[in-house]
Amino acid sequence: MSPDLTQPIGTPALIRLSGITKTLKGQQQPRTILDGVDLTVHSGESVAILGRSGSGKSTLLSLIGLFDRPDGGQYMLEEQDISRIAERRAAALRSARFGFVFQRFFLLKNLTAAQNVAMALVNGQGWLPRRKRRARVLEALEQVGIAHLAKNKPPKLSGGEQQRVAIARALVRDPRILLADEPTGALDTETGNLVIDALHSATERGCGLILVTHDHAHANRMGRVLRLQDGKLAPAHQQVVA
Amino acid sequence: MIRMSGRFRSALIIGGQGIRARKLRTLLSMLSLFLGVLAVVVVQAGSEFAQKELLADAERSMAKDGTLQMYMPPHEKAAPVALETLRGRQDAVAMFENRAIIGEPNVAPVNPGGAPFDQPGGPGRFYRCDNRGNCTDASQTGAPPGKAIELNLVALTGDIRPFRGFRQDSGQWLDFASAPSLAPRIVLNKEAAKGFTRYQVPAQMHVDNGTADSTPQIIGVVDDGGASYGPMAYVRADELLNWMKPVALSDGNARLQVLMSPQARDLEQTLKARLVAAGVQAGEIYVNRINARERVEDQLAMMRLIFLGMAALVLLIGTAGILNVGLATVGERIEEFALRRAVGTPRILLAGIVLSETLLTGLMTAGAAIGAGALGIKAGASMFGSRFPSLANVEFPWQAGVAGVVAGLVAGLLGGLIPAIRAARIPIATVMRA
Ligand SMILES: Nc1ncnc2c1ncn2[C@@H]1O[C@H](COP(=O)(O)OP(=O)(O)OP(=O)(O)O)[C@@H](O)[C@H]1O
Ligand SMILES: [Mg+2]
């Protein structure tokens, strides 16, 4: 692992994975997808993860994002062991700590952009007053530069605009860490760059970012580039080249 | 607490959004459920009406719930004792039932024995027995047939309507406050009124054991609930007593009955003691408390159960409709639910969202069914109100509304439970994989 020089020594890590394993029960026999993954991410740090299709990148992100639990290894979030966390607490952490962006935008087409963003504010822990809610939604939309489209519904937005609505939805709760799984996969290069810009600017405010991508140019804009291979994470050569 | 209500609100708001986003689907769910909820509303409303009607009838023919009813065989001392004991009491009324014939004197009445006028085959033989067990054939008096009507004349010591729910048909009821009239004012029941419209009889009234015949004035007609029991007439006891001695009021064939308010236990004891002191056999004085409601409810319980069972079946079919639509909708919304879970919506809230959609659908259906039921009752009342007086001013019973709401909620709960569980079980990792 490359030494992390951007962080002062002793700063608590945002995420610390060690020896994470995950076996998925396929159609025929179980397959070990992750076989001892180690990863440490600090606040404000950005990490790119490359890897062949089917190497387990999405599986890894779903463990980090607490969609699923690892079979083995240790997962520390802000120095707390959450390897075996219960679903109730996981839901609360997903809401409070994480923001998600996916290749498919997962917007609800009968809600406006603003309502799609506001969706992330509804989590059962309470209900913000309408004015506060609106202010935060608009702020998030402004961060990705599409506040003027707040009232539009997704079918009337371009792909890049839709993905930026999704990013605003991920940002609206001020997450500690953003997880992006091929967010530019469905976009052309230029639009993809806009999306990466939006994600990148979040790290400048102290947010951690883990970006799964096939695009080396995008990967090289991150602070570190890793490759997932044979169930393990290792530094990628591209970073050295770049 | 705050957390719970926050979740509840969230579920309702998001559920409402879901309903608005799928209006046609909600409408179809409501259609499938409508008949079932309507059936429950109608059955409940119908049984409320039936109960009310039966209860009103019981109050007319017997007495209101809780009333103490005392009765005894004829005894010559009974009437004087009762008159004396009840004097000035507002919470009890004595009824002395005597045979009377109104019309030509010394003829056989058109309805010997005070029989109903429309008895199939005409009035037949009728035997009358006195309290010594001597029976005579009353239909063979030897007197020539003439223009006279025989009826049961009930002399009242006070207004009986607080105890029995008489319904005024026409004219007036007896006025107990005015000065007694020498010509006894009488109020007929409907069967007696039928006789008097059918047969023209002279206004002369002969009462068994009377001192002389009087000239009665008919002042009104009431529905006393006992139409099938033959012609009756009601009269103020003091007006009748101008024409007969108190002992005659309860002698021979005359019967005494006292109705007392539920609280008049003291009066019951006093009256009983005095009657016994006067020579009436204690074992022959019967007292019972009217419990019409219980009897009516017993009668109706079985019917209500059967009809509610059928309604529940229709409701179940409607519930299957909601379930079907609900499952299809959850299947379509897998991504939405996975996404909601991903952004931190707890499973319980997700289930709540789905449930609140079906519950709201059930509630809206209940609203529609209750509205339809209320309109139907209004329409029915205005169409048939003139033929059935009891229907004239019916109101939609609140119990039917409650039943409709409960039916809607139960259907929503049953139809939404499985979809809700499915929604809560959607795995995020599988759905959100890119
Ligand atoms: N629910 C599942 N059950 C069993 N195996 C699964 C399941 N989901 C994915 N897999 C398998 O796990 C492996 C890793 O999948 P994953 O989606 O993590 O790959 P990926 O690196 O994200 O690929 P891509 O770049 O194409 O998105 C694949 O071989 C896939 O077939
Ligand atoms: Mg993937």
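The values are calculated or read from the model by the stated rules, or taken from the named source; none is laboratory data. Since the model is a prediction, treat every value here as computed from it, not as a measurement. Using ideal geometry, Cβ is built from the backbone for each residue, glycine included, and neighbour counts are taken over all protein chains shown. Please note that ligands, DNA and RNA were not included when accessible areas were found on the heavy atoms of the full protein model with its side chains. Shrake-Rupley method; radii C 1.70, N 1.55, O 1.52, S 1.80 Å.
The alpha-carbon atoms of the protein assembly as shown define a convex hull whose volume equals 246 cubic angstrom per residue.
Here the accessible area of segment A:13-235 is 47 percent carbon and sulfur, with a 1.4 angstrom probe and all protein chains present. By the rule of a C-alpha distance below 29 Å, with chain neighbours fewer than 8 residues away ignored, the lysines paired with B:K23 are A:K109, A:K151, A:K153, A:K156.
Residues whose amide H lies under 5 Å from that of A:G36, counting only those 5 or more places away or on a different chain, are A:I20, A:T21, A:K22; hydrogens are built 1.01 Å from N in the peptide plane. Amide H contacts of B:D169: B:V221, B:V222, B:D223, each under 5 Å away and 5 or more positions distant or on a separate chain (H built 1.01 Å from N in the peptide plane; Pro and chain starts excluded).
Computed from Cα atoms, the angle from the helix A:159-171 axis to the main principal axis of chain A rounds to 80 degrees. Rounded to the nearest 10 square angstrom, B:H206 shows an accessible area of 80 square angstrom against a 1.4 Å probe. Beta bridges from DSSP with both residues in the protein assembly as shown: antiparallel share about 65 percent, rounded to the nearest 5.
Against the criterion of solvent-accessible heavy-atom surface with a 1.4 angstrom probe, B:Y199, B:Y229 sort, most first, into B:Y229, B:Y199. Taking the Cα centre of each part, how many Å lie between segment A:62-138 and segment B:308-367? Value for the Cα centre distance between the two parts: 24 Å. Calculate how steeply helix B:292-332 sits against the longest principal axis of the alpha-carbon atoms of chain B, using the helix alpha-carbon long axis, and give the answer as 0 to 90 degrees to the nearest 10. It is inclined by approximately 10 degrees. What's the long-distance tail for segment B:68-289, i.e. % of Cα pairs beyond 28 Å? Result for the distance tail: 28 percent. Sequentially through segment B:154-165, phi angles give Karplus couplings (6.51, -1.76, 1.60; θ = phi - 60°) of 9, 8, 10, 8, x, 5, 8, 5, x, 9, 10, x Hz, Gly and Pro residues having no value and appearing as x. Listed cross-link partners B:K64/B:K378; A:K57/A:K232; B:K52/B:K378 are compared with a 22 Å cut-off, the Cα-Cα value being larger for B:K64/B:K378. For chain B, the mean residue ellipticity at 222 nm estimated from helices alone is -17000 deg cm²/dmol, where every DSSP H run of n ≥ 4 contributes -39500 (n - 2.57) and the total is divided by all residues, rounded to the nearest 500.
Using R0 = 41 Å, the C-beta based FRET efficiency linking B:V247 and B:R295 works out to 0.70. In plain terms, chain B is cut at each of the trypsin sites (Lys or Arg not before Pro) found in a DSSP loop with at most 12 other Cβ atoms within 10 Å, and the longest leftover piece is B:133-386. Restricting the GluC sites (Glu not before Pro) of segment A:65-121 to loop positions (DSSP other than H, G, I, E, B) with no more than 14 neighbouring Cβ atoms within 10 Å leaves A:E79. If the cut-off is 22 Å between C-alpha atoms, which lysines fall inside it for B:K147, apart from same-chain ones fewer than 8 positions away? Excluding near neighbours in sequence, the set is B:K190, B:K194. The angle between the Cα long axis of helix A:87-97 and the main principal axis of chain A comes to about 70°, on a 0 to 90 degree scale. Cross-link partners of B:K245 among aspartates and glutamates, defined as those whose alpha carbon lies under 18 angstrom from its own and excluding same-chain residues fewer than eight positions apart: B:E76, B:E84, B:E97, B:D208, B:D213. Counting Cβ atoms of other protein chains within 10 Å of each residue's Cβ and taking the mean over peptide A:102-111 gives 5.
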